[in-house]
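The values are calculated or read from the model by the stated rules, or taken from the named source; none is laboratory data. Remember, predicted model here, so these are calculated numbers, not experimental data. We place every Cβ from the backbone using ideal geometry, glycine too, and count neighbours over all the protein chains shown.
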Amino acid sequence: MGADLVSRRNVLKTLSIGVAAGSVLRVIPLEAAEYAHRIIAVEKSGANGAYTPKFFRAEQYKTLQSLCEAIFPADVECGGAVEAGASEFIDLLTSENTQYQLSLGGGLMWLDAECVDRFGKAYLECDPQQQKEMLDRIAYRKNAVADTSLSQGVEFFAFLRDLTADGFFTSKIGIEYLGYIGNTYLTEFPGCPAVPGV
Amino acid sequence: MAQIAPARKVYDVCVIGSGAGGGTAAKVLTEGGLSVVMLEAGPALNPYKDFKEHVWPYELAHRGADVGGRARHELNSEFMAPNGFWEIEGEPYTTAPDTQFRWFRSRIEGGRTNHWGRIALRFGPADFRARSIDGRGDDWPIAYEELAPYYDKVEAYIGVFGTKENVPNAPDGVFLPPPKPRCTETIVKKACDRLGIICIPSRMAILTQPLNGRAACHYCAQCGRGCVTAANFSSSQVMLPRARSTGRFTLIPNAMAREIVLDKSGKVEAVSYIDKTTRGENRVYARAFVVAASACESSRLLLNSRSNSFPDGLANGSGVIGRYLTDSVGSSLAGYFPQLEKVPAHNHDGVGGMHLYMPWWRFGQKNDFLRGYHIEFGGGRHMPGVGGFDGVCAQYEGYGPSLKQQCRKSYGNVIGFAGRGEMIPNEKSYCEIDPNVVDEWGIPVLRFHWEWGENELKMSKHMQETFREIIETGGGTVLGSRTQASEDHSTEGRALTDSAKAKASGISEGGTIIHELGTVRMGNDPKTSALNRNCQAHSVKNLFVADAAPFVTNADKNPTLTIMALSWRTSEYLLEQAKKGDI
């Protein structure tokens, strides 16, 4: 990441200097540098260190992490949702939004209560098979049609899935997993590579 | 008792608003030798601090979703250049009962040009002669040929890419070479070719070659974030710096114009404005005034400028100010194109917007509605963002490795289509001063009235059918309307209400295409228009309007390029008058 930034800054500078002569723009390289430095500062502030949840209680946050990881797990190719920062992202947004607090905070309470009803213990204490059974119930809308007592759980999980996707696919890990190539400087746009049928 | 008045600074021209129209006026007038003072209701812009070009989502704690996720599915992601808002705290607007209208306003140097789509289409000859051709609406007091030289000047100065195509009523311009099509665009063009729909390189105010000291585009697709190298056009980076370089330009930021004040001779002498930083009221004096605050904001200022000579608002003897409000007809539909699954990972970014588009291809043919629309489209392997996977998650549900793989497989295979069509002005769509509400600066606010006409609903329906045809001919499957066209089952078998009819047609909510215009229209007859053929008030010789308020029609072409061409023409006229000593 450090190397990326250096090159990004250099490119920015080069481009700026390139247009400075006779430009209608007042290009001030100092400001350009400051711009890049701000980005670095933002990145550093998010680096390492144990995360202290802003909204969820410690136990709830563990459950949240467990659900995020179940939605987008680590595999041989790349890390999962927790490593991608999805749970931190969700906690941050939730700490700022009372609707999210109701639907996610309340949703986690619902999940634990449902697990206690079915298995006699909260979600995190359930064994993997029980957790899977629970998730299989709330991960599909059709289950709520068959059993309306699941509908709040299905609603909760669908929203959590969307936010986990946000967190995962906007991370460095997720973007690389998707194979997005871009956000760079090209002198010419190459167009579409030759592919049969396209 | 005699009073000694302090020597008052009088500028040659005061321009109200710093966007496309105001910026163009400032450039042309200062280059012509006049001193210009500009009022902007928002702060000054600093691209190096304010733009988030090339920032990755993971470099921001909210990943672009903004505080509390408020930017999910909104136009204003955290990455966007400072641009504007659907709602501004302390500055409300109201809508009449049973009316839906949304008004997007900017409060920043450069106005909405900081984020606009850069789509730069000329109005065509027929667009200026609407009434002569089909009997609806009105003709402009000027012909295309009179504006054409100013389109040339604007394009040559700001830089617009495109190609000479000779499409009827979609005039070619002064073009830079276009970028190559993306994979998504290649697929759509093939489908259009089979359907007889014209699909050609788009026309966008983005440099594909260096121009006037600005660097060429570096193809990061992030025009909406603001471009630090100004390879795309904005008033703040292209018009205002040129005005500044003359030494004759003064910008007063955070200045909310409240009222335009007449002198004893019936000419305008000053603008009263609120300094938002001190909440104090100031006046700025000039010999001529160019109002370019955006169509509805300009109407508001004129309507709020009442005097004995103009009890219904400045230059409003005709009563037309606020009337003839239109927006573009908008409708959209998306399709999934499975052949894109086979395309290897590659850089798909391109410019910030479409490389190809479809101008109105049925001009002069028999249609079941009047006027026409163009089609914009986009999609493919863009930088992932928040909200971008809601669709695939809703479709496949579940969790775990299979969902993760499905997201990757589906990524970048969706193409969205959006129509932009012409609305014919109607009696029921207008804005006026709300008699009961003021904003936090004490300025009475606008109240909107809105209704789409039958012609617009038919047009929107046609858009939906066309998008479906293109998607299916191109080998894709329709993903269900974004405008919820098909979701209103409750109305079946009953008389449709107006809003239900609008929903069924898939038409956009009024104002949401952000092409609202026409509210201080120009014309030859002072009884039916507020401005003459030079965008000069019929009744106040040193008052001009230079945004989209003077437009007589809202053709199926995005208005910004025409705002600039018209403002350039108005400004040259003002310069001439000033030289003659008439102003």
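Per-structure values
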| read-out | value |
| --- | --- |
| Residue match in the range B:283-306 (condition: charged (D, E, K, R), outside any loop (DSSP other than H, G, I, E, B) and without any contact (Cβ under 8 Å) to a residue 24 or more places away in the chain) | yes |
| Matching residues, the range B:25-67, being facing chain A (nearest Cβ under 7 Å), closer than 30 Å to A:Ser95 by Cβ and outside any loop (DSSP other than H, G, I, E, B) | B:Lys49, B:Pro57, B:Tyr58, B:Glu59, B:Val67 |
| Checking B:Gly64 against (1) surrounded by fewer than 22 Cβ atoms within 10 Å (Cβ to Cβ); (2) at pLDDT below 95, the condition it does not meet | (1) |
| Single unsatisfied condition, B:Gly480 versus (1) touching a helix residue (DSSP H, G or I) at 6+ places or on another chain (Cβ under 7 Å); (2) closer than 30 Å to A:Tyr177 by Cα | (1) |
| Single residue of B:Glu376, B:Glu472, B:Glu454, B:Glu465 found to be out of contact with any Leu (no Cβ under 6 Å at 6 or more places or on another chain) and surrounded by 17 or more Cβ atoms within 10 Å (Cβ to Cβ) | B:Glu376 |
| Of residues in the range B:68-88 being part of a loop (DSSP other than H, G, I, E, B) and within 13 Å of chain A (Cβ to nearest Cβ), the one surrounded by the fewest Cβ atoms within 10 Å (Cβ to Cβ) | B:His73 |
| Top-ranked residue in the range A:85-121 [being touching a Cys at 6+ places or on another chain (Cβ under 7 Å) and without any contact (Cβ under 8 Å) to a residue 40 or more places away in the chain; ranked as farthest from the other protein chains (Cβ to nearest Cβ)] | A:Lys121 |
| Residue count for the range A:145-176, restricted to those that are within 22 Å of A:Thr63 (Cα to Cα), part of a helix (DSSP H, G or I) and either facing another protein chain (nearest Cβ under 8 Å) or not β-branched (Val, Ile, Thr) (or both) | 20 |
| Extreme residue, surrounded by the fewest Cβ atoms within 10 Å (Cβ to Cβ), among residues of the range B:391-412 that are touching a residue at least 24 places away in the same chain (Cβ under 8 Å) and either more than 11 Å from every other protein chain (Cβ to nearest Cβ) or more than 30 Å from B:Pro359 (Cβ to Cβ) (or both) | B:Lys409 |
| Any hit, the range B:32-47, residues being surrounded by fewer than 20 Cβ atoms within 10 Å (Cβ to Cβ), in contact (Cβ under 8 Å) with a residue 24 or more places away in the chain and touching a Pro at 6+ places or on another chain (Cβ under 8 Å) | yes |
| Where a residue in the range B:165-184 is within 10 Å of chain A (Cβ to nearest Cβ) and outside any loop (DSSP other than H, G, I, E, B) and its partner, wherever it lies, is modelled with pLDDT under 95 and surrounded by fewer than 18 Cβ atoms within 10 Å (Cβ to Cβ), with Cβ under 6 Å and at least six apart | B:Cys183/A:Val198 |
| Scan of the range A:135-172 for residues that are surrounded by 18 or more Cβ atoms within 10 Å (Cβ to Cβ) and either farther than 24 Å from A:Gly80 by Cα or outside the structural domain of A:Ala122 (by TED's automatic domain parsing) (or both), ordered by number | A:Ala144, A:Leu150 |
| The range B:331-354, residues that are touching a Phe, Trp or Tyr at 6+ places or on another chain (Cβ under 9 Å), within 8 Å of another protein chain (Cβ to nearest Cβ) and buried (at least 24 other Cβ atoms within 10 Å of the Cβ) | B:His348, B:Gly350, B:Val351 |
| Considering residues of the range A:70-84 that are small (Gly, Ala, Ser) and surrounded by fewer than 24 Cβ atoms within 10 Å (Cβ to Cβ) only, the residue nearest to the other protein chains (Cβ to nearest Cβ) | A:Ala70 |
| Condition met for B:Phe123 (among the aromatic types (Phe, Trp, Tyr) and closer than 25 Å to B:Tyr430 by Cα) | yes |
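Yes/no matrix, rows are residues, columns are (1) in a loop (DSSP other than H, G, I, E, B); (2) under 17 Å from B:Ser18 (Cα atoms):
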position	(1), (2)
B:Ala216	yes, no
B:Gly224	no, no
B:Val228	yes, no
B:Gln237	no, yes
B:Arg242	no, yes
B:Leu251	no, yes
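Residues checked against (1) farther than 18 Å from B:Tyr396 by Cβ; (2) at pLDDT 95 or above; (3) of a type in the set (Asp, Glu):
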site	(1), (2), (3)
A:Leu64	yes, yes, no
A:Asp75	no, yes, yes
A:Asp112	yes, yes, yes
A:Asp117	yes, yes, yes
A:Gln130	yes, yes, no
